[in-house]
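Only one structure is covered here, and it is reproduced in the block below.
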Amino acid sequence: MEPVSKQGRPKASSRETLSEAACELFLEKGYDATSVSDITARAGVSRSSFFNYFAAKSDVIWSGFDKRLERLISELSTSTRDDVRVDVRDAIVRFADGFAPDALALVMSNAAAMDAEADLEREGSLRMVRMAAALSSRFARAGSDELHAAILGAAYAAAVLSATQRWALDGSGRSLLSDRLGQAVAAVEALVA
């Protein structure tokens, strides 16, 4: 158990408490009907505490994914491996490292009940575009022409989002995200072979 300092709850506890409160409210009231104030009231923390951990309500859902996306973008931007497809495949499979079912998996698997489909589509699209740009850049650095690199980047990014959703819909602990990502990468590679 983490000791509580004079400055309030331990960081992990507050982040987890906010995430749990948000997901409960999304199930009870729906995503759009839940405000940041509702979340902070349920969690028993201030609005400023919420914004210490999340920039927006959608970040409660996407924060775990975003950490991995930042790592993937960083890895791809500095990689100089000769075989770009192996490089991309490895980076995508590493995306799953330490990714346990979280708020994103819960919301994806309960999107209709939470009335969160529109937000998942919008926020997922933003992340897919960022990932596609990083992947495209990696393919371009390896010598692919601009159009080919853009198409490959988009295909792999769509595969990552699709695999993540499939993993979430499988149910907590029923499959590994790394397995789903491996299947998605194999599907893209079969299409571009």
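What follows draws every value from the coordinates through simple rules; no lab data is involved. Just so we're clear, the structure is a prediction, and the values are computed from it rather than from any experiment. Here the Cβ positions follow ideal geometry from the backbone for every residue, glycine too, while neighbour counts run over all protein chains shown.
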*asked:* Just to be sure I understand the model, the point goes 7 Å from the Cα along the line to the Cβ. What's the resulting residue 147 to residue 121 distance in nm?
replied: 2.9
_Just want to confirm a number: the relative contact order over the stretch 111-193, from Cα pairs under 8 angstrom separated by 6+ residues, in percent._
23
*Using Cα-only point scatterers and the Debye equation, what is log10 of I(q)/I(0) for the chain at each q in 0.11, 0.13 Å⁻¹, rounded to two decimals?*
-0.55, -0.74
*How far apart, in nm, are the 7 Å Cα→Cβ label points at residue 166 and residue 183?*
0.4
*Spin-label point model (7 Å from Cα, Cβ direction): what's the residue 176 to residue 36 distance in nm?*
3.9
*Mind listing the long-range amide H neighbours of residue 115? Cut-off is under 5 Å, sequence gap 5 or more, other chains count too, H placed in the peptide plane at 1.01 Å from N.*
31
*asked:* At a threshold of 8 angstrom on Cα-Cα distance, excluding pairs fewer than six apart, so keeping six or more, what relative contact order does the chain reach in percent?
replied: 20
*Using only helices, what value at 222 nm comes out for the chain when you add -39,500 (n - 2.57) per DSSP H run of length 4 or more and divide by the total residues, to the nearest 500 deg cm²/dmol?*
-24000 deg cm²/dmol
